Amino acid sequence: MELSWTSLLPSILAILFAIITRKVLLALIGGIILANVLLFWPRSADIGEGVFFSSWSTLVDSSNMLVWFFTLGIGALFGVLEKGGTFKQFVLKLEQKQWVESKRRARLMTWILGVIVFIESNVTIMISGTTSRPIYDRLGISREKLAYIVDSTCAAICILIPLNAWGAFNLTLISNQGVEQPLLVFIQSIAFNFYAIFAVLLALFVAWFDWNIGPMKAFENNAKPNRVTQHTWADGPDESVSFGKGTAVVLSSLISLVVMVPVMLLITGNGVLVEGDGTLSVFVAIYIALGIAMLGTLFTGSAGLPKVIQSALKGAWNILPLAVILWLSITLGGLTRDLGTGEFLAAALDGSVSLWMLLPLIFVLSAITGFSIGSSWGTFAIMLPLAIPIAMTLGLPAAPFIAAAISGGIFGDHASPISDTTIIASMASGTEHIDHVRTQLPYALLAGVGATIAYAITGALM
């Protein structure tokens, strides 16, 4: 279809409806319906068929099936660790050692977890968010602050330390554009990934100094300590289980999760890490970790087999709404690509733009695209084929252009209320999704403004 500003309407509707009503599911469904109306109007029968088939094809897509199952696997894993009692023993061990006896240390622990677990953004969020939440509740730190810190370190770290599916995906896109020595150029681009760098450093600054701006001030002021009754561990573990055993189960399952992703990337890539299957690697790693957690929980004696199975199923059930939101979000993202949303935004760039403005414009357009479709990976796929040819045509180094496109996608995804990572950060932290979006946005905008200025300076120096 002809590119038009109307291609923006489904995403705008979904975003505005989600912010106003806080009904993310209804917002996504509305966006899907409107997208099909734009695609097939005035053929009403085709509109109905489009809504059904676009949703169904997304649901049964083989790569998406792995996403659904590893999402449920994450829920089952943390259900076993929580309900089985070993996770609480791990947290109690941290508190016994007095490693997190202050609010600053709790915030720094979350930031460090987000940095060292760079295997996959959603896994990073689940690990750091679920581990930190009971400590934040006990110390009286808002869950909104927790959601901000975990969300600001997940995708940013995954792209800055790309020994994961993120690196493989982007390297493939760069290679397809005919870039010589794509791996070297991709590594060089990391130094220019200003938004990701600023977001991680700003989160560290906030964690250290407890800097609250915008709506975050009210949530921090209203946070009450010892909110344990609101946590899912109300039934508590068997206190006879030793701290050592409980800690060993948690650490062994989480370490296996971290280690198995690069191992599986090597296996599926025939020895080449960046050619591995990222989704399959994460899927296998999660279920190996789940198996270790279930066997370890049985070994500690904190729960019998029926309770372990029940905990796994309940954990998967609790995260099922997230899987549904992911499903609808991916469906909407596919429809916006069919409408040409990214291409329409990209068409705003033409040869009349001054050289120093190119990088900031690529960054801003990539950010708008990421915000609209709620997907950093989708944004990379749209913007890298635009940014790289511009650099090659002008005879400029490709690394800054690659970084601007990727960095803008991270920014847009970070700020978007329909992004899967934003949604998962809310759920892992136990906070209202729109509250997380509102409290995080001022920090994201601050890092975004800093990145825009940095790209303008870089462009002027080229």
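Every number in this text was worked out from the coordinates using simple rules, so none of it is lab data. Everything numeric in this text was worked out from a predicted model, so none of it was measured. Note that each Cβ is placed from the backbone with ideal geometry, even for glycine, and that neighbours are counted across all protein chains shown.
Summary table
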| item | result |
| --- | --- |
| Whether the range 23-67 is rounded, prolate or oblate, judged on the alpha carbon gyration tensor where a/c under 1.5 counts as rounded | oblate |
| Cα-based shape type of the range 372-425, given that a ≥ b ≥ c are square roots of the gyration tensor eigenvalues and the cut on a/c is 1.5 | prolate |
| Mean Cβ neighbour count within 10 Å, used as a protection proxy, ranking 310-319, 386-395, 216-225 highest first | 310-319, 386-395, 216-225 |
| Under Karplus coefficients 6.51, -1.76 and 1.60, residue-wise ³J(HN,Hα) of the range 385-394 in Hz, glycine/proline x | x, 8, 5, 5, x, 4, 4, 5, 5, 7 |
| Backbone HN-Hα couplings from phi across the range 44-60 [Karplus 6.51/-1.76/1.60, Hz, Gly and Pro as x] | 4, 5, 5, 4, x, 5, x, 4, 5, 6, 5, 6, 5, 5, 5, 5, 9 |
| For the range 187-192, 3J(HN,Hα) per residue [Karplus equation, 6.51 cos²θ - 1.76 cosθ + 1.60, θ = phi - 60°, Hz, x = Gly/Pro] | 4, 4, 5, 4, 5, 9 |
